[in-house]
1. Would you be able to say whether some residue in segment 125-135 is closer than 20 Å to VAL193 by Cα and within 13 Å of ligand 1 (Cβ to nearest atom)?
2. Filter segment 210-252 down to the residues that are among the small types (Gly, Ala, Ser), in a helix (DSSP H, G or I) and within 16 Å of ligand 2 (Cβ to nearest atom) and list them by number.
3. State whether one or more residues within segment 141-148 are within 16 Å of ligand 2 (Cβ to nearest atom), within 33 Å of the chain's Cα centre (by Cα) and within 23 Å of LEU187 (Cα to Cα).
4. May I ask you to verify whether GLU207 is outside any helix (DSSP H, G or I), more than 20 Å from VAL102 (Cβ to Cβ) and free of Cβ contacts under 8 Å to residues at least 40 places away in the same chain?
5. Identify all residues within segment 176-188 that are away from ligand 2 (no atom under 11 Å from the Cβ) and farther than 12 Å from VAL95 by Cα; write none if there are none.
6. Among (1) among the hydroxyl-bearing types (Ser, Thr, Tyr); (2) in a helix (DSSP H, G or I); (3) surrounded by 18 or more Cβ atoms within 10 Å (Cβ to Cβ), which single condition is TYR101 missing?
7. For ALA116, are the conditions met, namely being among the aliphatic types (A, V, I, L, M), modelled with pLDDT under 95 and more than 30 Å from LYS137 (Cβ to Cβ)?
Amino acid sequence: MVLRSASSFCLLNANGDHLLPLLNSSSIIRYSQGKSFVPCATKGSNNRPLTGVVFEPFEEVKKELDLVPTVPQASLARQKYTLDAEAIINEQINVEYNVSYVYHAMFAYFDRDNVALKGLAKFFKESSEEEREHAEKLMEYQNKRGGKVTLQSIVMPLSEFDHEEKGDALYAMELALSLEKLTNEKLINVHSVASKNNDVHLADFIESEFLGEQVEAIKKISEYVAQLRRVGKGHGVWHFDQMLLHEEGVAA
Ligand SMILES: [Fe+2]
Ligand SMILES: [Fe+2]
């Protein structure tokens, strides 16, 4: 067996006699099985300078300790989270809320008794809730990084979605597709702010929690637009609506 000893250790036999008074850090001790050696610290060994130290926690933590905020208004957790990043997260919260509001207006339109496209109403209700969840996820992230959530105004959406040429279903779905693409652009912008500030945590958060899902949503709504273009404005829309009504997890 091979033992590599630390510089501050010596070896004693079972009677307590020193076998090897001081060993330097590169000493290698071989012993055969059955003989008992006891490693112990030697007196004064701490005076020797340590070599090969790459991290001195109590030295290095001093500057971090000086940076711990003392005012109660300041976040304790905040670290390498720039004002740019904080502002763009608040903007994205607003984007998600605006999209949620538009989808909610679409839900209310398709749920009317004289429109009665229940599948589209369900689709836009679930989509509205999902966008609000996105806003909330961003709020939690803002707090996690030590930023402050600042909610901004949201714009009054349309309440009529009928379109002479396209009809209401196709018009609303094309609007949804455009909103999802716009949201994707805004998310890419958040990601570029993260990259510019070398904020790898924020970049990873946007990539893993938002960008993949956004691309999926764009694909799904594009297919709905294509299908609605095929079926036209009349009877086909009813079938499309029934498909949405009976499909699970349709939200975009
Ligand atoms: Fe979203
Ligand atoms: Fe979405």
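1. yes
2. Hits for segment 210-252 are GLY212, ALA217, SER222.
3. no
4. no
5. SER178, ILE188
6. Exception for TYR101: condition (3).
7. no
Residue by residue, here is whether (1) free of Cβ contacts under 8 Å to residues at least 60 places away in the same chain; (2) surrounded by 12 or more Cβ atoms within 10 Å (Cβ to Cβ); (3) farther than 22 Å from ARG132 by Cα; (4) of a type in the set (Ser, Thr, Tyr) holds:
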| residue | (1), (2), (3), (4) |
| --- | --- |
| GLU165 | yes, no, yes, no |
| ALA172 | no, yes, no, no |
| LYS186 | no, yes, no, no |
| ILE218 | yes, yes, no, no |
| ILE221 | yes, yes, no, no |
| LYS233 | no, yes, yes, no |
| GLY236 | yes, yes, yes, no |
| HIS246 | no, no, yes, no |
| ALA251 | no, yes, no, no |
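The values are calculated or read from the model by the stated rules, or taken from the named source; none is laboratory data. Everything quoted here is computed from the prediction, not taken from an experiment. Positions of Cβ are backbone-derived with ideal geometry, glycine not excepted, and every protein chain shown enters the neighbour counts.
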